[in-house]
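The values are calculated or read from the model by the stated rules, or taken from the named source; none is laboratory data. Predicted, not measured: the structure shown is a model, and the values here were computed from it. Quick reminder, even Gly has a Cβ in these numbers, built from the backbone with ideal geometry, and neighbours come from all protein chains shown.
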Amino acid sequence: MNQYIKFNLFKILFLMAFSFAFIILLNSLEVFLIKFFNIKGNAWFNSFDEKVFLWINNNNSSLEFLMLTITYMGSITSWFAIAVFLWFLKRRKEAFILAFTLLIGGVLTFFMKIGFHRDRPFQVLAEAKVLDREEDFSFPSGHSVSSFSSATILGRKIKKATIPLYIFSSLVAYSRIYVGVHWPSDVIFSGLIGVAIGFSILKLERRILNLFYKH
């Protein structure tokens, strides 16, 4: 791409701010729709989900603070904060692509949660320990989608960070089970969705950037 092409800064800043606000709005809208229309969840799970969930969720209470910290660090808000940080480091392509990826992942997560309306483990299993209660549906895991999609994007841009990013994303997924809000199958398939989103965005990156560049 021509090195003299510059970002249309207004468009980029607007899209990044819009993306964050829109995702927050979608999360609130999902909870509103669930309560207003009294949408009931589906309590579908299998023995693998139940056994692995209970093994992780009821394991070693001394890890509670660490797992809560990791789960908050893996939120979509934290990844948007990283996009802003990259922006101030003058890595604006990376900042924009990361924000755009989070937007796509957030929208897809919203529609899939409404479509599958799967109950969270603590709504089904009396033995579940809950450290971070959520009011929306379980599948897919927004934390896992945003973490793995972000790891895929940033890993391509910052090669040395690839393995640490995927390790961190895996810890985020693990923490979502530990704090009682997701089934193992939630985070496994959500991680795959996140990776797929990341690679799709990378494949279309040039076309996406062309929409927000000025000559």
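Residues in segment 56-63: is at least one surrounded by 17 or more Cβ atoms within 10 Å (Cβ to Cβ), within 25 Å of Ala21 (Cβ to Cβ) and among the aliphatic types (A, V, I, L, M)? The answer is no; no qualifying residue exists. Considering only residues that are modelled with pLDDT under 90, touching a Phe, Trp or Tyr at 6+ places or on another chain (Cβ under 8 Å) and not aromatic (Phe, Trp, Tyr), which ones fall in segment 103-117? Listed by number, the residues that qualify are Ile114, His117.
Candidates in segment 134-154 are the residues that are over 10 Å from the mean Cα position of the chain (by Cα) and hydroxyl-bearing (Ser, Thr, Tyr); of these, the one that is modelled with the highest pLDDT is Thr152. Within segment 126-157, the residues that satisfy the criterion of being touching a residue at least 24 places away in the same chain (Cβ under 8 Å) and of a type in the set (A, V, I, L, M, F, W, C) are Ala128, Val130, Leu131, Phe137, Phe139, Val145, Phe148, Ala151, Ile153, Leu154.
Go through the residues of segment 158-171 one by one and say whether even a single one is in contact (Cβ under 8 Å) with a residue 40 or more places away in the chain, buried (at least 23 other Cβ atoms within 10 Å of the Cβ) and within 30 Å of Leu209 (Cβ to Cβ). Yes, some residue in segment 158-171 is in contact (Cβ under 8 Å) with a residue 40 or more places away in the chain, buried (at least 23 other Cβ atoms within 10 Å of the Cβ) and within 30 Å of Leu209 (Cβ to Cβ).
Residues in segment 160-178 that are aliphatic (A, V, I, L, M) and under 16 Å from the mean Cα position of the chain (by Cα): Leu165, Ile167, Leu171, Val172, Ala173, Ile177. In this structure, is Ile97 surrounded by fewer than 17 Cβ atoms within 10 Å (Cβ to Cβ) and touching an Asp or Glu at 6+ places or on another chain (Cβ under 9 Å)? No: the conditions fail for Ile97.
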